[in-house]
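Reading through the structure tokens given below for one structure.
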Amino acid sequence: MILLVNPLVTFDGFLKQRYASSLSLGYIASYLQKNLGLKSQIVDCVWQDFPHYFRKFRPRIVGISAMFWQFNALIKISKYIKKVSPSTKVIVGGYLPTFSSESIFKTLGNKVDFLVVGEGEQTFLELVQRILIGSNHFDDIRGIAFLRQGTSQYTPKRELIQDLDSFPFPIRKIRFRSASVATSRGCIFNCSFCSIKNFYSRKYRTRSVENVIAELVTLKRKGVKYLKFLDDNAIISYPYFQKFFGEYISKKLYTMKSSIKVSGAIFLNHPEVMDSLRKMNVIEISVGIETLSEEGKKIFMLEDKIEDTRRLLRIISQSSFNGSINFYQILNTGFEKSIQEVKHNSMQLVRAVKGIHNVSIIPLLVQPWPGSDIREIFLKEGFKVADVLHLNCGGSGVSSPNTTGEELNKWALEYDLLLRKQKLNQNSNSLFWGLILFATSSILLKTKLKMLQSMLFYYLRVNPIQDPWRMQNSTKTFF
């Protein structure tokens, strides 16, 4: 038996993180089943108790998908596994091991057996094959890291699989009639604050329209009512979108509501896409505005200009789209001369979105994520940069000579409260809907007590305590 684990997310201060299951584990599970005939048990720690499933199945292999903000949870899970069953092999994949392998080895040592570096389906499959036959030879498997006599070993990089249609559809546990979907992998943009471009070797690949539509038709037949498109930028090619839109309408997939994240560039070049998304029954669009500072756009390596952003806002305000719009905003660059400059730049977006209905501003402090260009820039400048373990804890991950982490955290809290007062942050009703789900969906689980436990976990991870300073230095996680 193989367990595939999605750890809990360590909370990020004032930022609200909507829960989304790990689609990558679904792909790993279906890839193993297709190529080896092996069935896996996916354990989503938001809803399921990992120790229970570990004791129940006593797996030979546990695969863990870990982002940077799941480091603390990974530590607990790995230590638990090796304490209960030292012979169980622990394999960790995702962004965390790809860009922070030495931190994992330093923190966990032999509590982790292998790290998967980069895209994981084929690499994980080859590791499983070797482990199941009892082989101790792993040096020829590309894209892994491991310890040998206390020294970290790395095999050559694995090339990306170009044909995304060759992957079977991911195995999912559909909860509350919702499902996540990805139409592409990678990103074409060069943003300095993001690790995606380097994870996928600066390459961008899409599934065929036919392949995506076939998956969506399957999900609709299974009773899915809400889709969450997980692509970092779901609409890059306009011809691709035109074909996709035609098939989407033809198959009447608009009976499902959906949310999507896109680049503002598509609206600048093709404003009619806004109306197309409305016809698709998209109820939430997320767009990266990042900053209205010219200096900030240079530091973040953004391709658009201030006037482009303002024109984008005009297009959105004049469109027929009647759903919610989320604007991601980065409050600081790290290079401001004072906290007053940070505040001034932050407020520019508040003033710019006035008159646009159903808008939420999602504020972020710039984080020096491993694998991002901005982290290297900060280190070169001699800024105080948090290690990946402490990036888990929320708040600012960098202190510059002119703005301290404490100042930034305090402003982030003040700004978030200001957005709430001006009704520019409409993501604060998670507890209400959580209680509604509890009242209407408890039949899905064995007992209301178990459902209540799951909803409490969900609420604490999705909707922060009003005073995020209480969360700022916490490293407590549950598995």
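Among the conditions (1) within 30 Å of S101 (Cβ to Cβ); (2) in a helix (DSSP H, G or I); (3) of a type outside the set (S, T, N, Q), the only one that V350 does not satisfy is (1). Residues of the stretch 131-183 that are assigned by TED's automatic domain parsing to the domain that holds S87, buried (at least 16 other Cβ atoms within 10 Å of the Cβ) and in a helix (DSSP H, G or I): I131 alone.
Can you confirm whether the stretch 365-385 contains a residue that is buried (at least 21 other Cβ atoms within 10 Å of the Cβ) and of a type in the set (G, A, S)? Yes, the stretch 365-385 has at least one match. The number of residues in the stretch 370-403 being in contact (Cβ under 8 Å) with a residue 24 or more places away in the chain, part of a loop (DSSP other than H, G, I, E, B) and closer than 27 Å to L418 by Cα comes to 9. So is N345 crowded, with 19+ Cβ neighbours inside 10 Å and assigned to a helix (DSSP H, G or I) or not? Answer is yes for this residue. Test N332 against the stated conditions and say whether it is surrounded by fewer than 16 Cβ atoms within 10 Å (Cβ to Cβ) and over 21 Å from F99 (Cβ atoms). In short, no. Of K228, K203, K305, all but one fail to be at pLDDT below 95 and within 25 Å of P368 (Cβ to Cβ); the exception is K203. Residues that are crowded, with 17+ Cβ neighbours inside 10 Å and at pLDDT below 95 within the stretch 235-257 comprise I235, I236, listed in sequence order.
Part of a loop (DSSP other than H, G, I, E, B), touching a strand residue (DSSP E or B) at 6+ places or on another chain (Cβ under 9 Å) and either at pLDDT 95 or above or at negative phi (or both): which single residue out of E102, E126, E119 fits that description?
Working: E102 fails: part of a loop (DSSP other than H, G, I, E, B); E126 fails: part of a loop (DSSP other than H, G, I, E, B).
Matching residue, one of E102, E126, E119: E119.
Pairs please, first residue from the stretch 205-232 and in the same structural domain as I188 (by TED's automatic domain parsing), second anywhere and part of a helix (DSSP H, G or I) and among the β-branched types (V, I, T), Cβ atoms under 6 Å, 6+ apart in sequence or on different chains. These pairs meet every condition: D232/I196.
Tell me, yes or no, whether the stretch 292-302 has at least one residue that is buried (at least 17 other Cβ atoms within 10 Å of the Cβ), of a type outside the set (A, V, I, L, M, F, W, C) and assigned to a loop (DSSP other than H, G, I, E, B). Yes.
Could you look through the stretch 24-40, keep only residues that are surrounded by fewer than 17 Cβ atoms within 10 Å (Cβ to Cβ) and among the polar types (S, T, N, Q), and pick out the one that is farthest from the chain's Cα centre (by Cα)? Filtering first and then ranking leaves N35.
Is it fair to say R202 is of a type outside the set (A, V, I, L, M, F, W, C) and free of Cβ contacts under 8 Å to residues at least 24 places away in the same chain? I'd like the intermediate steps shown before the answer.
Numbers: of a type outside the set (A, V, I, L, M, F, W, C): yes; free of Cβ contacts under 8 Å to residues at least 24 places away in the same chain: yes.
Taking the combined requirement at face value, the residue satisfies it.
Can you work out which of the residues in the stretch 386-432 that are among the hydrophobic types (A, V, I, L, M, F, W, C) and within 22 Å of the chain's Cα centre (by Cα) is modelled with the lowest pLDDT? Lay out the reasoning, then the answer.
Just the residues of the stretch 386-432 that are among the hydrophobic types (A, V, I, L, M, F, W, C), to begin with: 386, 388-389, 391, 393, 398, 408, 411-413, 417-419, 424, 431-432.
Filter again for within 22 Å of the chain's Cα centre (by Cα), leaving 386, 388-389, 391, 393, 398, 412, 431.
Numbers: A386: 88, V388: 86, L389: 80, L391: 77, C393: 49, V398: 89, A412: 90, L431: 36.
Step by step, filter the stretch 386-432, then rank; the result is L431.
When F71, F54 are checked against the criterion of being crowded, with 24+ Cβ neighbours inside 10 Å, in contact (Cβ under 8 Å) with a residue 12 or more places away in the chain, in a helix (DSSP H, G or I) and out of contact with any Pro (no Cβ under 7 Å at 6 or more places or on another chain), a single residue qualifies: F71. Return yes or no: is E307 under 26 Å from the mean Cα position of the chain (by Cα) and among the charged types (D, E, K, R)? Criteria not met by E307. In the set (1) assigned to a helix (DSSP H, G or I); (2) touching a residue at least 60 places away in the same chain (Cβ under 8 Å), I81 fails one condition alone, (2). The numbered conditions (1) farther than 27 Å from V46 by Cα; (2) out of contact with any Gly (no Cβ under 9 Å at 6 or more places or on another chain) are all true for V181 except (1). Conditions: (1) at pLDDT 95 or above; (2) farther than 26 Å from T255 by Cα. Q149 meets all but one. Number of the miss? Q149 satisfies every listed condition except (1).
The values are calculated or read from the model by the stated rules, or taken from the named source; none is laboratory data. It should be emphasised that the depicted structure is a prediction, and the values quoted were computed from it without experimental measurement. Glycine gets a Cβ as well: all are built from the backbone with ideal geometry, and neighbour counts include every protein chain shown.
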